[in-house]
Amino acid sequence: MSLFTLQDVTVAYQKQAILQDFNLSIGEGELVSLLGPSGCGKTTTLRLIAGFLQSKQGKFLFREKDYTKVPVNKRNFGFVFQNYALFPHMTVFDNVAFGLRQRKVSKASIKDRVLRVLDIASLKGFEERFPAALSGGQKQRVAIARALVIEPDLLLFDEPLSNLDANLRVNMRVEIRRIQQELGITTVYVSHDQEECFSISDKVAIMNKGIIEQLSDPATIYRQPKTKFVADFIGFKNFIQFDSRRQETDGIAATVQGITLTVQQQDNDTGLVGAIRPDDLRLYPLDAAPMTVENAVQGKVLISTYLGRSYQYEVKTSIGQFTVNDDAAAAPLANGQEVVLEIPKKQIVLVD
Amino acid sequence: MREKHIGLGIFTFLVFVFLLGPLVIISFTSFEQGTVLRFPPESFSLDWYKNIFEVSGFLETFKVSIYLSLAGNLLALLIGIPAAYALNRFDFKGKALLEGIFVSPIIIPGIVLGFTFLRFFITYYQLPIYAGLFIGHTVIMLPFIIRVVSSSLANFDFSIEEAAVSLGASRIGTFFKVVLPNIKSGIIAGVLIAFLESFNNVDISVFMTGPGVSTLPIEMLTYVQNYFDPTIAALSVVLMIITALFMFFVERLLGLSYFTKR
Ligand SMILES: Nc1ncnc2c1ncn2[C@@H]1O[C@H](COP(=O)(O)OP(=O)(O)O)[C@@H](O)[C@H]1O
Ligand SMILES: [Mg+2]
């Protein structure tokens, strides 16, 4: 059963619509990420859920109740801001206690609950510090503790790790996931970092220009992107626009400019665009290509770039240009060399 | 390069002499025992400091000035804090115009303002003298409150307001629990600056005072028209010290706010 549903909501700044007839539904206890390039409407979606923004039309249903007009301070959602937004004039203890004081919780109980949540957030002993005397990671943990202590019905994160350095980011995302699972709080997590989203989420929603292009578990998105945008966003750098496709016994035969490639059927995709990752392509010198090469296409190396662990080649063929990462090549291929490009049939994903 | 620095040093020194010289001279003459201003003083006494308290007008108008500053400050705060908040928090049509109106009393010559107030508050609306003074002083204090509070709010991160609301606080509650405590030093500094502005004001007050009602600076003007003794010098020294103290606190407050900022 879904915990909340956004139903055909529309948000516009001035005259420009950011979200149009937008739909999103999230199940109880899930951590769902909104992932997409900057400006695609992730923050807008999150602020709409929090109640900072009002939808012009449509509905926000929470546990089957209409929350569309419920003000922010009556929603009991925890919000963790990108810049932490701690109260600079309050100690860590008072920051965390703030939400409980608004709820008129008794003094003894406040102390209990604050200390417990500070313990969960690994902040024991920092009660009397002011935010100015904390590191970025500690500030973020206070922000999380402050949102957790009110036992929110929903936890919202807006790029919570983007101000931290790389090592800390990895540690913090593991902690966020641990806490989320320990307490079983339904969470919406916004980020533009693919690895971050994939590593902590039950489901990822890939957003583009105010639209969710795909909402699935990370592995499905990784293996079977539904649209060209999603494929491109998660690292499929090569695209073939096929002219036609037909079902064969050993897969789909897709044709482009008279050349037919075999694609192993995945799911029930209907697209005409073949997407392939640079890592999944193989290159052989023209005179040394084995007989078993799948979907062989002849081409020429345009540019070869040394990447340390592998070489990256730009290869020109009659069906377009391809980017290939080749870590197997003992002897690197030279610019201008004639090659055979192998496009393994399992590695082609047909997207819309 | 070096010569230039020396030239600059001399220039700076001259500016200081020009600005502070009169203050130093006044301070010295206030200790003169004789009945005329003399520099350098030929004797030493604190008689004229005692005389401040013996001239009945001074004590009385000192009280008027204090009450006026306090009451005007209160009203200026009640208008100025919400105004500064709105100007910093929201974007709206006519914002620049409103900002211009709020700071205009700093730009318009005091004598023009004073005369305008006289024409309207006193002559046209027939307001009692105290009411006219009160409104006039509020008007000249308001821009200082708005400007100083605004500069505090410019450093304020409004997303902490949203944090407070998301944790269950009402909008009003958020203002008092989260916004006010963070701009406190700006407010106090604004109050001190506005207080001085009102307390030392001559050009507005001179139009608004009337029979039997005066402020300290106006009373001092009247006094020097009749007497030449060093009482005014002594009083000036006292006022200078008060001003310096206030400015010291302002500096401490605005300076400290840099450290409380993240
Ligand atoms: N207050 C605002 N006024 C006008 N446009 C805005 C405002 N906030 C965001 N936008 C625009 O809305 C779009 C989506 O913004 P946002 O939801 O913040 O994107 P994201 O969080 O995915 O980077 C962007 O094009 C942005 O420029
Ligand atoms: Mg954003």
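Scanning region A:69-84 for residues that are among the β-branched types (Val, Ile, Thr) and buried (at least 18 other Cβ atoms within 10 Å of the Cβ) gives A:VAL72, A:VAL80. Of all residues in region A:25-33, at least one satisfies being within 14 Å of ligand 1 (Cβ to nearest atom), in contact (Cβ under 8 Å) with a residue 12 or more places away in the chain and either within 24 Å of B:ALA163 (Cα to Cα) or in contact with a strand residue (DSSP E or B) (Cβ under 6 Å, 6 or more places away or on another chain) (or both). Being at pLDDT 95 or above and open to solvent by 30 Å² or more (accessible area, probe 1.4 Å), is that true of even one residue in region A:8-16? No: zero hits.
Residues in region A:85-96 that are buried (at least 23 other Cβ atoms within 10 Å of the Cβ) and assigned to a helix (DSSP H, G or I): A:VAL92, A:ASN95, A:VAL96.
Looking only at residues of region A:34-65 that are over 18 Å from the mean Cα position of the chain (by Cα), closer than 24 Å to A:ILE176 by Cβ and open to solvent by 40 Å² or more (accessible area, probe 1.4 Å), we find that the one that is farthest from ligand 1 (Cβ to nearest atom) is A:ARG63. Say whether the condition of being farther than 17 Å from A:ILE211 by Cβ and at pLDDT 90 or above is met by at least one residue in region A:31-48. Looking for residues that are farther than 17 Å from A:ILE211 by Cβ and at pLDDT 90 or above, one finds at least one in region A:31-48, hence yes. Of everything listed in (1) surrounded by 19 or more Cβ atoms within 10 Å (Cβ to Cβ); (2) more than 14 Å from chain A (Cβ to nearest Cβ); (3) outside any helix (DSSP H, G or I), the single unmet condition for B:VAL250 is (3).
Residue-by-condition table, conditions (1) touching a residue at least 40 places away in the same chain (Cβ under 8 Å); (2) over 19 Å from the mean Cα position of the chain (by Cα); (3) under 27 Å from B:MET220 (Cβ atoms):
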position: B:PHE62; (1), (2), (3): yes, no, yes
position: B:ALA71; (1), (2), (3): yes, no, yes
position: B:ASN88; (1), (2), (3): yes, yes, no
position: B:ASP91; (1), (2), (3): no, yes, no
position: B:LEU97; (1), (2), (3): no, yes, no
position: B:THR116; (1), (2), (3): no, yes, yes
position: B:ILE122; (1), (2), (3): yes, yes, yes
position: B:ILE135; (1), (2), (3): no, no, yes
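The set of residues from region B:29-53 being of a type in the set (Phe, Trp, Tyr) and surrounded by 17 or more Cβ atoms within 10 Å (Cβ to Cβ) comprises B:PHE31, B:TRP48, B:TYR49. Looking across A:LEU148, A:LEU154, A:LEU161, one residue alone is under 22 Å from A:PHE62 (Cα atoms) and either more than 13 Å from chain B (Cβ to nearest Cβ) or in contact with a Phe, Trp or Tyr (Cβ under 7 Å, 6 or more places away or on another chain) (or both). It is A:LEU154.
Tally up the residues in region A:234-262 that are more than 26 Å from the chain's Cα centre (by Cα) and not in a loop (DSSP other than H, G, I, E, B), please. Residues that pass the stated criteria total 15.
In summary, A:ALA143 fulfils each of the numbered conditions (1) at the interface with chain B (Cβ under 9 Å from one of its Cβ atoms); (2) part of a loop (DSSP other than H, G, I, E, B) with the single exception of condition (2).
Answer yes or no: is there a residue in region A:203-212 that is closer than 29 Å to A:PRO344 by Cα, in a helix (DSSP H, G or I) and more than 16 Å from ligand 2 (Cβ to nearest atom). Within region A:203-212, not a single residue is closer than 29 Å to A:PRO344 by Cα, in a helix (DSSP H, G or I) and more than 16 Å from ligand 2 (Cβ to nearest atom). The residue that is nearest to the chain's Cα centre (by Cα), among those in region A:185-201 that are surrounded by 17 or more Cβ atoms within 10 Å (Cβ to Cβ) and away from ligand 2 (no atom under 16 Å from the Cβ), is A:PHE198.
Selection over region B:218-233 of residues that are within 21 Å of the chain's Cα centre (by Cα) and open to solvent by less than 60 Å² (accessible area, probe 1.4 Å) gives a count of 5.
Do we have A:GLU182 as assigned to a helix (DSSP H, G or I), touching a residue at least 40 places away in the same chain (Cβ under 8 Å), open to solvent by 10 Å² or more (accessible area, probe 1.4 Å) and more than 27 Å from A:ASN73 (Cβ to Cβ) here? Judged against the criteria, A:GLU182 is not a match. Among the residues of this structure, A:VAL105 counts as one that is in a loop (DSSP other than H, G, I, E, B), open to solvent by 30 Å² or more (accessible area, probe 1.4 Å), within 19 Å of A:VAL149 (Cα to Cα) and within 13 Å of chain B (Cβ to nearest Cβ).
Looking at the structure I just gave you, is A:LEU155 surrounded by 20 or more Cβ atoms within 10 Å (Cβ to Cβ), assigned to a strand (DSSP E or B) and away from ligand 2 (no atom under 16 Å from the Cβ)?
So A:LEU155 fits the description; yes.
Screening A:ALA132 on (1) surrounded by 14 or more Cβ atoms within 10 Å (Cβ to Cβ); (2) touching a residue at least 40 places away in the same chain (Cβ under 8 Å) shows it passes everything except condition (1). In the condition set (1) among the hydrophobic types (A, V, I, L, M, F, W, C); (2) assigned to a helix (DSSP H, G or I); (3) more than 28 Å from the chain's Cα centre (by Cα), A:PHE126 is compliant with all but (2). If only residues of region A:1-24 that are free of Cβ contacts under 8 Å to residues at least 40 places away in the same chain and over 12 Å from A:GLY210 (Cα atoms) are counted, the one that is nearest to ligand 1 (Cβ to nearest atom) is A:TYR13. Scanning region A:219-265 for residues that are crowded, with 20+ Cβ neighbours inside 10 Å and among the aliphatic types (A, V, I, L, M) turns up A:ILE221, A:VAL230, A:ALA231, A:ILE234, A:ILE240, A:ILE252, A:ALA254, A:LEU261, A:VAL263. Annotation note: Cβ proximity below 7 Å between a residue of region B:200-214 that is on the phi < 0 side of the Ramachandran plot and a residue that is assigned to a loop (DSSP other than H, G, I, E, B) (sequence gap 6+ or interchain) occurs for B:SER205/B:THR215; B:THR209/B:THR215. The number of residues in region A:185-241 that are on the phi > 0 side of the Ramachandran plot and either in contact with a Lys or Arg (Cβ under 6 Å, 6 or more places away or on another chain) or more than 16 Å from ligand 1 (Cβ to nearest atom) (or both) comes to 1. Those strands (runs of 3 or more DSSP E) of region A:1-84 in which at least 3 residues are away from chain B (no Cβ under 14 Å) and within 16 Å of ligand 2 (Cβ to nearest atom), considering only elements entirely within it, cover A:16-27, A:31-35.
The values are calculated or read from the model by the stated rules, or taken from the named source; none is laboratory data. These figures come from a predicted structure and were not determined experimentally. With ideal geometry, Cβ positions are generated from the backbone for all residues, glycine too; neighbour counts draw on all protein chains shown. Calculation scope for accessible area: heavy atoms of the full protein, side chains included, ligands and nucleic acids excluded. Shrake-Rupley method; radii C 1.70, N 1.55, O 1.52, S 1.80 Å.
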